[in-house]
Structure formats: C-alpha cells, structure tokens
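Only one structure is covered here, and it is reproduced in the block below.
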Amino acid sequence: MKLYISVVTAPLFIVLAFAVLLAEPLAAQYARTTPALLDSEWENDRLRVSRVTAEPGAALRGADADRILVYLTADADGQMSPAEAVWQPAGSGDLENRGRARVDAIAIELKDAPTRMGRGTPPEALSVSRSAEVRHLVDNPRVLVTGHRSAPGAVVDPPHFHTDDVLVVYLRGGHIWPAAAGWGATRVRRGDVDVVPANTLHRLANAGGDPLEFLVIVPR
C-alpha cells in the first residue's frame, strides 16, 4: 500500500509543480501596481537622477556635467528621438522646446569620480536568450547604457551582482521579476526607474505576457 501511494503521489507532485510554474506569468498580470521607486530625484556618490520638463517655447536646461538624457516624450524638436538614451557631455547648451507639447525626460548625471576600468562586461550587455534583444546605446569610459527588449517569459541574464549601484529605466509597461532577487512580479510603467543596489544578487526577466523594454545604466 505504501508503495502504491508513493507511485501515485509522485506524478501528482510533479503536475502541481508545473502548474505553479505556469501560473506565475498569469499571476503576474494581476500583480499590484507599485509606484516608481524614484518619484523625482535620487543620487549616490556616482549618479544623480532627476526628472526634467520643458513647456513649448521654454528651455530644457543644458548639462552642467556629463549626463544621459532619456526622453519619455518627443524631444525638443517635437520628434521622437532615434535613440532611447542620448549622451550629453558637460557644457551642452540649453535645448529650446520647439515642439507643440511638453518635453518630459529623465536626466542621469555622472558625478566626478575616479574612473573604474577593467571590470569586465556586465551580464546585462549580453543576451542569454534568443527571446531577448540587447543593444549598446552609449559606451564610453564613463558609462555603459544598454537597451533591452525581451519577449514574454524571457530571462535576460543569470543571477549576478555589480560593485556599484545600477539604474534600470523602463521604456514600456509590463511586469518584471524584481530587479533584486526575490519572488513575485512587479508591474512597471514607462518612465519608472529602479535602483539595483551594489553587491545585490539580481536578474532581469519578463514576467508578463507582452514584450518589455528597458535601459540599464552602469557607471564606470
């Protein structure tokens, strides 16, 4: 009798395990919406993040320091920027908003800090899945910015960590497994910004049923 029970229940446990795994993406669709981690401004010893706007005819202040500009709307010319992230070196002049709508953007300023080279290529720069597309948008001695587009269920990279805080800017809404290793999905929207703390084990994976697009900003 005991042998019969073990033989019958073993497949049952396997079926239940697969059911849980298959239910996770579906459950992600009903995950509670969480507000953007960075509502307005954030900074550490390497980066400063702020949200900038310019009404039609107003000026978008130039860069006092090297920075990455991520347009959430059309750019200052009223056109959709061909690149999701734009490099602006220190001293770049003001940008007059010549469009008919307000310009909204995220500015990520790189503070003056010792350059750290020779640290290898971050896992986010390489795709480990055929369902995930990775593009290098900005790659210079100060920062690496990669653009990602992942299909439903795609895992972009294996669990890993960085020695510095890293930023994730979401360009398309959806559901993602938490940047920090954990359980359960988080709903994100365009313009949400997440911080992956230094030395925190994490991964990036699409937990929803639609493609997910985001940027990863890694200071050097």
Only residues that are aliphatic (A, V, I, L, M) and more than 21 Å from VAL143 (Cβ to Cβ): list them for segment 196-220, please.
-> LEU201, ALA205, ALA207, LEU212
Name the pairs: first residue in segment 65-90 and over 18 Å from ALA101 (Cα atoms), second residue at pLDDT 95 or above and acidic (Asp, Glu), Cβ to Cβ under 7 Å, at least 6 apart or on different chains?
-> ALA65/GLU109; ARG67/GLU109; PRO89/ASP66; ALA90/ASP66
Quick check: is even one residue across segment 115-128 more than 24 Å from ARG189 (Cα to Cα) and at pLDDT 95 or above?
-> no
Under 6 Å between Cβ atoms, at least 6 apart or on separate chains: pull out the pairs that start in segment 162-177 with a residue that is modelled with pLDDT under 90 and end on any residue that is outside any strand (DSSP E or B) and among the basic types (Lys, Arg).
-> GLY173/ARG189; GLY173/ARG190
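The values are calculated or read from the model by the stated rules, or taken from the named source; none is laboratory data. All of these numbers come straight from a predicted model, not from anything done at the bench. Every residue, glycine as well, gets a Cβ built from its backbone with ideal geometry; the counts of neighbours run over all protein chains shown.
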